[in-house]
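The values are calculated or read from the model by the stated rules, or taken from the named source; none is laboratory data. Predicted, not measured: the structure shown is a model, and the values here were computed from it. Note: ideal-geometry Cβ built from the backbone for every residue, glycine included; neighbour counts use all protein chains shown. Note: areas computed on protein heavy atoms with side chains; ligands, DNA, RNA excluded. Shrake-Rupley method; radii C 1.70, N 1.55, O 1.52, S 1.80 Å.
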Amino acid sequence: MIAARLLIPKLSSSSSSSSSCFIVKNNPTRTKYYGLFSNHQKLAFLSYPITSSSARARTRTRTRITDLSSCTSLGKFSQGTTRLGSYCLKNNTTRIRSLSSMNTRSALEVSSSLPPDKLDRILAGKDDDHDGVIVQLTDQPLDPSLFTSLLHASLSHWKLQGKKGVWIKLPIELANLVEPAVKAGFYFHHAEPKYLMLVHWLPSATNTIPANASHRVGIGAFVMNEKNEVLVVQEKSGRFRGTGIWKFPTGVVDEGEDICAAAVREVKEETGVDAKFVEILAFRQSHKSFFDKSDLFFVCMLQPLSFEIQLQEREIEAAQWMPFQEYAAQPFVQKHQLFKDISDVCLAKKGGQYAGFTPVPAETSLSAKKTHLYLNKQGLNYE
């Protein structure tokens, strides 16, 4: 085995593939290595043996590099589990020192001790924090048979490495790869509009991969003006449509949105009223709700900053400022214990007999993300 420096010549932009010669320096056999490139890729994948022995010291050999002209998903040369493209080398001891653009004459400097057998190709993955691997495919077409071959080689490699969970983030453009992935042992974890996340547990031990998000988060907004009138709406859709019931503005918290911000947004969207978040008064947890998911519903108190109502005609049938006692006296509120309890909490807050949970900006060394801690300030040294 020899240390090698491989020079990669400039590819022609006029041809779909190009045969290229690689000169291995410090090479006792003065061997030349030839291969095929696809110029649709930034860098072709090298898969060939480099061997040297005294018995063949004066023998010139030629080894063809794998033809990857059809593999349009290949982006860059990858090493280990560091993701530089869509693939990496199996059992790779290569240390990549520099990588420059293929648009000009460039060099890939390699200091390596390559195994004598042909190197296999595997899917490039990024290690996660739980001894797993995350594979993120691009939206470029990938032949299912090639994907199947790469996937099986990858799983064998990761098992040898002692990896546990393997995640594949599959863009919607590659939905045709779902079947071979499932046949290889993967199952659906969750789906988003643009991708499907599949996962496979490799060890024989108990599967400890966490389930998909189990809860949906919603808010209800208690907004009262100085006249002791509460902001209420009637909806055009949902379970309250056509019932004549007046209710608080409600809605679902968006992904990446704080509860306090969601409450302000929903009030503005449904009624046109600007409001300031004050505190969380109470919350309720229920199960088997939206597509069998659990539900967290936060009753939030807001202070109105404007009073003119401009209802959202798409979802809201009517909106008004209603005397709180009139709202609480509705048969529906009195009949259902949950709504009666919420009404009692709001009335106690109005009378100064109840304190909810106020958002306090929170920071942690574990994450640079801004967050809030909701707490009751009574007895605490908070402004």
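Name the residue that is farthest from E226 (Cα to Cα), counting only residues in segment 302-323 that are in a strand (DSSP E or B) and open to solvent by 50 Å² or more (accessible area, probe 1.4 Å).
E317
Residues to consider are V273, V299; find the one that is assigned to a strand (DSSP E or B) and touching a helix residue (DSSP H, G or I) at 6+ places or on another chain (Cβ under 9 Å).
From the options V273, V299, the qualifying one is V299.
With the structure loaded, tell me whether R121 is over 26 Å from T206 (Cα atoms), of a type in the set (K, R), at pLDDT below 95 and surrounded by 14 or more Cβ atoms within 10 Å (Cβ to Cβ) or whether it fails that test.
The answer is yes for R121.
Filter segment 133-147 down to residues that are open to solvent by less than 40 Å² (accessible area, probe 1.4 Å) and without any contact (Cβ under 8 Å) to a residue 40 or more places away in the chain and give me whichever is farthest from Y195 (Cα to Cα).
Looking at residues that are open to solvent by less than 40 Å² (accessible area, probe 1.4 Å) and without any contact (Cβ under 8 Å) to a residue 40 or more places away in the chain, I get F147.
Looking at (1) surrounded by fewer than 14 Cβ atoms within 10 Å (Cβ to Cβ); (2) not in a helix (DSSP H, G or I), which is the only condition E326 fails?
If we test E326 against (1) surrounded by fewer than 14 Cβ atoms within 10 Å (Cβ to Cβ); (2) not in a helix (DSSP H, G or I), just (2) comes out false.
Scan segment 201-212 residue by residue and report those that are open to solvent by 30 Å² or more (accessible area, probe 1.4 Å) and closer than 20 Å to T148 by Cα.
Once the filter is applied, which keeps residues that are open to solvent by 30 Å² or more (accessible area, probe 1.4 Å) and closer than 20 Å to T148 by Cα, segment 201-212 yields only W201.
Could you list, in sequence order, all residues of segment 287-297 that are open to solvent by 30 Å² or more (accessible area, probe 1.4 Å) and not acidic (D, E)?
H287, K288, S289, F290, F291, K293, L296, F297
Can you report the number of residues in segment 219-240 which are open to solvent by 30 Å² or more (accessible area, probe 1.4 Å) and without any contact (Cβ under 8 Å) to a residue 40 or more places away in the chain?
Counting residues in segment 219-240 that are open to solvent by 30 Å² or more (accessible area, probe 1.4 Å) and without any contact (Cβ under 8 Å) to a residue 40 or more places away in the chain gives 3.
Taking into account only those residues within segment 251-271 that are touching a residue at least 40 places away in the same chain (Cβ under 8 Å) and surrounded by fewer than 20 Cβ atoms within 10 Å (Cβ to Cβ), which is farthest from the chain's Cα centre (by Cα)? Spell out the reasoning first.
The initial filter retains those residues of segment 251-271 that are touching a residue at least 40 places away in the same chain (Cβ under 8 Å), namely 258-260, 262-263, 266-267, 269-271.
Subsequent filtering for residues that are surrounded by fewer than 20 Cβ atoms within 10 Å (Cβ to Cβ) retains 258, 269.
On the way: D258: 18, E269: 28 Å.
Restricting to residues being touching a residue at least 40 places away in the same chain (Cβ under 8 Å) and surrounded by fewer than 20 Cβ atoms within 10 Å (Cβ to Cβ), the top hit is E269.
Does Y327 count as closer than 18 Å to K276 by Cα and touching a helix residue (DSSP H, G or I) at 6+ places or on another chain (Cβ under 8 Å)?
No; evaluated as a whole, the condition is false for this residue.
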